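Reading through the structure tokens given below for one structure.
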Amino acid sequence: MAYGNFAEVVLNIPLNKKFHYKIPPSFANQIEIGKRVKVPFGGRTVVGYCVGLTNISDVKTLKDIIHVIDATPILNSKMLGVAEWMANFYFCGLGEALESFLPSVVKRGIKSRTVSVVRLCKDGASVTEMISAIKKRAPKQARVLEVLTEVGEITFPELASISKCKMDSVNRLRDRGFITLDKREVSDPLFAGKHFEKTCHLSSTREQEVAIRLIKRKLRERKHSVVLLKGVTGSGKTEVYLQAISEVIILGMKAIVLVPEISLTPQTIERFKSRFDRVAVLHSSLTERQRSDQWWDIKNGNADVVVGARSAIFAPLENVGIIVIDEEHENTFKQDTSPRYNARDVSVVRAAYENAVVVLGSATPSLESFYNTDIGKYECVTLENRVGHKPLPKVEVIDMRREIFKGTGQKQISNYLELSMKQSLSKKEQVLLLLNRRGFSPFISCRRCGFVLKCKRCDISLTYHKKKDAVICHYCFFDGPVPRECPDCCSPRMSFLGFGTERMEELVRSRFPQYNLLRMDSDTMRGRDSHEKALSAFRRGDIDILLGTQMIAKGLDFPNVTLVGVLSADTIVNLPDFRASEKTFQLLCQVAGRTGRGTKGGKVIVQTHNPEHYSITSAALHDYDGFAKKELEYRKQLYYPPYGRLARVVLRGKNDQEVKEKASDIAEKLMSAIKLSNGSLLAGLRKDKIGVLGPAPAPIVKVKDNYRWHLIVKADSFKSLHTIIKSIENENRNSKKVQMMIDVDPYMLL
Ligand code: ADP
Ligand code: ZN
Ligand code: ZN
């Protein structure tokens, strides 16, 4: 045996551990690193990944491998390296990390579906003769032959629906030698019948030219590097990606492009499809067969460019030359279930294995990435201007505390916003309205005693949804009837407080009855194509006012939008999250970027109760650098990322006391890990740079009847953060009583 007697196998369990198995002689020629195997484990047969071969094992009684599944390795050594990094960085199981590289449909395999194809096999004259001969006696068979005379060949389901025949008619005709019946595999091609008009490179602007030249130079050096492409909305970042990718293909390499799921529209895909021949797409609204086909296409080397959402970072490409992350600041690149990875950070690691270039694009880069350019880890190129030097829209901030609402009976739409809407709409221009809160009203409260209706299973106020006539919890999706009286004092005077998009829709319709309004949020956009249909209708001009949650803030490019109204900038600012200001700033810049893209110019009106807040004042001036400077100062003072590094540990269970005790127990272990390594970790550091915050009840105390306590671990680097977390990594995370979750570099702190 050339490589070894034992296979190192990783299983999909939350343990960062490799198990040894003996390789029986019959598999000696088949076993290879990167193949899947079947092995016995805990009395069952499970699927694992062979990640190494060795001659040494200190385990005495080893079990045999039962089966080698793959004919060729399904994972290469670079992918194994990335998975290993993920397991160590995010404290997930190595098996869990490896599983990320295989979509579940590929793991399961997809049953091929076949269909019967009916084909005529006699010449025209004898068929005509036959038809008249059997017309009376067997009209169904005659009808089948008539249909086939016209089309020659047809699938049985289609034939059955046209001729109303059954299978036995078809069988008779076959027995008589008039037709043949064959099985054919059903396919579900992704771009069936679509034609993509080929486009050429646009002649780039001076700013684009600088960016493209820098990236091309990096590509030719074949050295791992990261470039932050900081370009205002409409500055033509996509054209930079396209020209860089074209260079990658010329150099014989491949490209991965990640975009937030919501921006993965047919328009986005078309921009890549029409520039390059071999483009594969991976996103959540593909059918299973399409996803499987796309994955195998990539795996078999039939794609040069993969465009996809977060998980496409794991696309089975060989020889990756560039990884583009568009809108790199987006939180959707962070997965909120295990493995809790951030695709942006995984991309940098994957690129290191591939000697590839990472391009992070954004109008409002994350402070982490911006800071990395500051300290020289990443390079930065800036596109300061919109293509064609179109000005960025003017942003006006309305102080809602001072607004006087004269006789309109409402307090949501300021006089100035209403007036501006009238002006735009009367010129047949379009208006976007952003309200980042769905449902009708976010609070239901008793007017007598002040009781606020909360979800019984979660500690969250219930939102009233009018169309469903129900109260819904946005965390556990509980829905129930609207109480007719206060559960606390029985007063019948329950009132609906606050505005969600559903209520705002009623209000805007009542103020603008002669215009077409469409509401776009996750309640109205349930169907597979609903999002796309809505955008097409808006593009055609069938809709005058588009009202929605942050769904409408992303990537839309409609030249006829001349007004953007932000109904409340305050929905995020007040969240208990150290990124609240950053998120507010980003959302405002994004939504502002939706206007002024045509020749008619554009205006943005931001309504807020916090008009002095720097996230709002900086967004109004389109001043990213100013915002970043202030925000970084604040982060530095409190030692939040990118200065300090955080991990969050959440404990949850049915019994509050047990959860609390476990949380204290974990806190103690973490603290003693800090003390143990005192010398190395704390040397020369400010005391507040390393530590454990909490345990405290999580801001959302209860979810789905589970009490939640959390701890925040803070350290001066990921390295020391990892040293500390290591002390609890082998705790039982799935105990029946209290479950534990570790989230390194968390984005959700609620
Ligand atoms: P961003 O992603 O930076 O917001 P886009 O890439 O969507 O910007 O570009 C904005 C618009 O400018 C698009 O309609 C695009 O086709 C156009 N565009 C980009 N680069 C050029 C160029 N060099 N010449 C002409 N038009 C361009
Ligand atoms: Zn009451
Ligand atoms: Zn709930």
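The values are calculated or read from the model by the stated rules, or taken from the named source; none is laboratory data. Worth saying up front: this structure is predicted, and the values here are computed from it rather than measured. Here Cβ is always computed from backbone atoms with ideal geometry, including for glycine, and neighbour counts include all displayed protein chains.
Taking the stretch 460-509, which residues are on the phi > 0 side of the Ramachandran plot and within 16 Å of ligand 3 (Cβ to nearest atom)?
Start the filter on the stretch 460-509 by keeping residues that are on the phi > 0 side of the Ramachandran plot, which leaves 469, 477, 490, 498.
Hit for the stretch 460-509 is PHE477, nothing else.
For the condition of a type in the set (Lys, Arg) and under 22 Å from VAL508 (Cβ atoms), what is the one hit in LYS390, LYS411? Step through it out loud before you land on a result.
Values: LYS390 fails: under 22 Å from VAL508 (Cβ atoms).
It is LYS411.
Any idea which residue in the stretch 237-276 is farthest from HIS531 (Cα to Cα), counting only those that are small (Gly, Ala, Ser) and either within 16 Å of ligand 3 (Cβ to nearest atom) or over 23 Å from the mean Cα position of the chain (by Cα) (or both)?
Applying the first criterion (small (Gly, Ala, Ser)) to the stretch 237-276 yields 244, 246, 252, 255, 263, 274.
Now drop any that are not either within 16 Å of ligand 3 (Cβ to nearest atom) or over 23 Å from the mean Cα position of the chain (by Cα) (or both), which leaves 244, 246, 252, 274.
Values: ALA244: 30, SER246: 30, GLY252: 36, SER274: 22 Å.
It comes out as GLY252.
Look at the stretch 592-607 and say how many of its residues are of a type in the set (Ser, Thr, Tyr) and crowded, with 23+ Cβ neighbours inside 10 Å.
Filtering the stretch 592-607 for residues of a type in the set (Ser, Thr, Tyr) gives 595, 599.
After this cut, where a residue has to be crowded, with 23+ Cβ neighbours inside 10 Å as well, the list is 595.
Here the count works out to 1.
Per-residue answers, yes or no, for (1) free of Cβ contacts under 8 Å to residues at least 12 places away in the same chain; (2) surrounded by fewer than 21 Cβ atoms within 10 Å (Cβ to Cβ); (3) outside the structural domain of LEU556 (by TED's automatic domain parsing):
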{"residue": "PHE191", "(1), (2), (3)": "no, yes, yes"}
{"residue": "HIS201", "(1), (2), (3)": "no, yes, yes"}
{"residue": "ALA211", "(1), (2), (3)": "no, no, yes"}
{"residue": "ILE215", "(1), (2), (3)": "no, no, yes"}
{"residue": "GLU221", "(1), (2), (3)": "yes, yes, yes"}
{"residue": "HIS224", "(1), (2), (3)": "no, yes, yes"}
{"residue": "GLY231", "(1), (2), (3)": "no, no, yes"}
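Name the one entry in SER347, SER311 that is surrounded by 21 or more Cβ atoms within 10 Å (Cβ to Cβ) and either in a helix (DSSP H, G or I) or modelled with pLDDT under 95 (or both).
Working: SER311 fails: surrounded by 21 or more Cβ atoms within 10 Å (Cβ to Cβ).
It is SER347.
Could you tell me whether the stretch 674-686 includes any residue that is at pLDDT 85 or above and touching a Pro at 6+ places or on another chain (Cβ under 6 Å)?
No - not one qualifying residue is present in the stretch 674-686.
Give me the strands (runs of 3 or more DSSP E) completely within the stretch 210-289, filtered to those with at least 2 residues that are within 11 Å of ligand 1 (Cβ to nearest atom), ordered by residue number. Reasoning before the result, please.
Numbers: elements: 225-231, 254-258, 279-282.
Per the criteria, 225-231.
Answer with yes or no whether ALA537 is more than 16 Å from ligand 3 (Cβ to nearest atom), among the aliphatic types (A, V, I, L, M), farther than 28 Å from ARG447 by Cβ and surrounded by fewer than 17 Cβ atoms within 10 Å (Cβ to Cβ).
Details: more than 16 Å from ligand 3 (Cβ to nearest atom): yes; among the aliphatic types (A, V, I, L, M): yes; farther than 28 Å from ARG447 by Cβ: yes; surrounded by fewer than 17 Cβ atoms within 10 Å (Cβ to Cβ): yes.
Yes, satisfied.
Is it the case that GLY376 is crowded, with 16+ Cβ neighbours inside 10 Å, on the phi > 0 side of the Ramachandran plot and more than 16 Å from ligand 2 (Cβ to nearest atom)?
Considered against the rule, which asks whether it is crowded, with 16+ Cβ neighbours inside 10 Å, on the phi > 0 side of the Ramachandran plot and more than 16 Å from ligand 2 (Cβ to nearest atom), GLY376 comes out as no.
Being more than 50 Å from the chain's Cα centre (by Cα) and assigned to a loop (DSSP other than H, G, I, E, B), is that true of even one residue in the stretch 155-176?
Step one: of the stretch 155-176, the residues more than 50 Å from the chain's Cα centre (by Cα) are 169, 172-176.
Applying the additional criterion that residues be assigned to a loop (DSSP other than H, G, I, E, B) yields 176.
Taking every residue of the stretch 155-176 in turn, at least one turns out to be more than 50 Å from the chain's Cα centre (by Cα) and assigned to a loop (DSSP other than H, G, I, E, B).
Examine the stretch 53-65 for a residue that is under 29 Å from the mean Cα position of the chain (by Cα), at pLDDT 85 or above and either on the phi < 0 side of the Ramachandran plot or assigned by TED's automatic domain parsing to the domain that holds LYS719 (or both), and state whether such a residue exists.
At the first step, the residues of the stretch 53-65 found to be under 29 Å from the mean Cα position of the chain (by Cα) are none.
No, the stretch 53-65 has no match at all.
Being basic (Lys, Arg) and either under 22 Å from ASN734 (Cα atoms) or part of a strand (DSSP E or B) (or both) is the filter here; which residues of the stretch 1-39 pass it? It would help to see each step written out before you state the result.
Going through the stretch 1-39, the residues basic (Lys, Arg) turn out to be 17-18, 22, 35-36, 38.
Passing the criteria: LYS17, LYS18, LYS22, ARG36, LYS38.
Does any residue in the stretch 445-470 that is farther than 18 Å from MET504 by Cβ and among the β-branched types (Val, Ile, Thr) come within less than 7 Å, Cβ to Cβ, of a residue that is within 13 Å of ligand 3 (Cβ to nearest atom) and part of a strand (DSSP E or B) six or more places away or on a different chain, and which pairs are these?
Short answer, once both residue conditions are applied: VAL452/SER461; ILE460/LYS454; ILE460/ILE700.
For the stretch 350-363, name all the residues that are in a loop (DSSP other than H, G, I, E, B) and either in contact with a strand residue (DSSP E or B) (Cβ under 8 Å, 6 or more places away or on another chain) or at pLDDT below 95 (or both). Before you say what the answer is, go through the steps one by one.
Start the filter on the stretch 350-363 by keeping residues that are in a loop (DSSP other than H, G, I, E, B), which leaves 355-356, 363.
Those that are in a loop (DSSP other than H, G, I, E, B) and either in contact with a strand residue (DSSP E or B) (Cβ under 8 Å, 6 or more places away or on another chain) or at pLDDT below 95 (or both): ALA356, ALA363.
Condition first: touching a helix residue (DSSP H, G or I) at 6+ places or on another chain (Cβ under 9 Å) and in contact (Cβ under 8 Å) with a residue 60 or more places away in the chain. Now tell me which residues in the stretch 702-712 satisfy that. Quick ask: steps written out before the conclusion?
We begin by selecting, within the stretch 702-712, every residue touching a helix residue (DSSP H, G or I) at 6+ places or on another chain (Cβ under 9 Å); these are 702, 706-711.
Result: LYS702, HIS710, LEU711.
Restricting the search to the stretch 562-591, which residues are out of contact with any helix residue (DSSP H, G or I) (no Cβ under 9 Å at 6 or more places or on another chain) and at pLDDT 85 or above?
Narrowing the stretch 562-591 to residues out of contact with any helix residue (DSSP H, G or I) (no Cβ under 9 Å at 6 or more places or on another chain): 568, 576.
Of everything in the stretch 562-591, just one residue is out of contact with any helix residue (DSSP H, G or I) (no Cβ under 9 Å at 6 or more places or on another chain) and at pLDDT 85 or above, namely SER568.
What's the total number of residues in the stretch 452-504 that are within 16 Å of ligand 2 (Cβ to nearest atom), of a type in the set (A, V, I, L, M, F, W, C) and part of a loop (DSSP other than H, G, I, E, B)?
Adding up the residues that qualify gives 6.
Going through the stretch 215-236 one residue at a time, which ones are at negative phi and either within 16 Å of ligand 2 (Cβ to nearest atom) or basic (Lys, Arg) (or both)? Steps first, answer last, please.
Let us first name the residues in the stretch 215-236 that are at negative phi, namely 215-221, 223-233, 235.
Residues satisfying the conditions are LYS216, ARG217, LYS218, ARG220, LYS223, LYS230.
Please indicate, with yes or no, whether at least one residue in the stretch 336-348 is within 22 Å of LEU214 (Cα to Cα), touching a helix residue (DSSP H, G or I) at 6+ places or on another chain (Cβ under 7 Å) and not assigned by TED's automatic domain parsing to the domain that holds LEU588. Full working, then the answer.
In the first step, residues of the stretch 336-348 are kept if they are within 22 Å of LEU214 (Cα to Cα); the result is 344-345, 347-348.
Subsequent filtering for residues that are touching a helix residue (DSSP H, G or I) at 6+ places or on another chain (Cβ under 7 Å) retains 344, 347.
From the residues that got through so far, the ones that are not assigned by TED's automatic domain parsing to the domain that holds LEU588 too are 344, 347.
Looking for residues that are within 22 Å of LEU214 (Cα to Cα), touching a helix residue (DSSP H, G or I) at 6+ places or on another chain (Cβ under 7 Å) and not assigned by TED's automatic domain parsing to the domain that holds LEU588, one finds at least one in the stretch 336-348, hence yes.
Kindly establish whether THR549 is at pLDDT below 85 and away from ligand 1 (no atom under 16 Å from the Cβ).
Working: at pLDDT below 85: no; away from ligand 1 (no atom under 16 Å from the Cβ): yes.
Against the criterion (at pLDDT below 85 and away from ligand 1 (no atom under 16 Å from the Cβ)), THR549 does not qualify.
Within the stretch 425-451, work out how many residues are within 16 Å of ligand 3 (Cβ to nearest atom), surrounded by 18 or more Cβ atoms within 10 Å (Cβ to Cβ) and in a strand (DSSP E or B). If you could, list the steps in order and put the result at the bottom.
If we filter the stretch 425-451 for residues that are within 16 Å of ligand 3 (Cβ to nearest atom), which is where we start, we get 438-439, 442-444.
Pick out the ones that are also surrounded by 18 or more Cβ atoms within 10 Å (Cβ to Cβ) and you get 438-439, 442, 444.
Now drop any that are not in a strand (DSSP E or B), which leaves 444.
Number of matching residues: 1.
Here are some conditions: (1) surrounded by fewer than 22 Cβ atoms within 10 Å (Cβ to Cβ); (2) of a type in the set (Val, Ile, Thr); (3) touching a Ser or Thr at 6+ places or on another chain (Cβ under 9 Å); (4) over 30 Å from LYS629 (Cβ atoms). THR408 meets all but one. Which one does it not meet?
(3)
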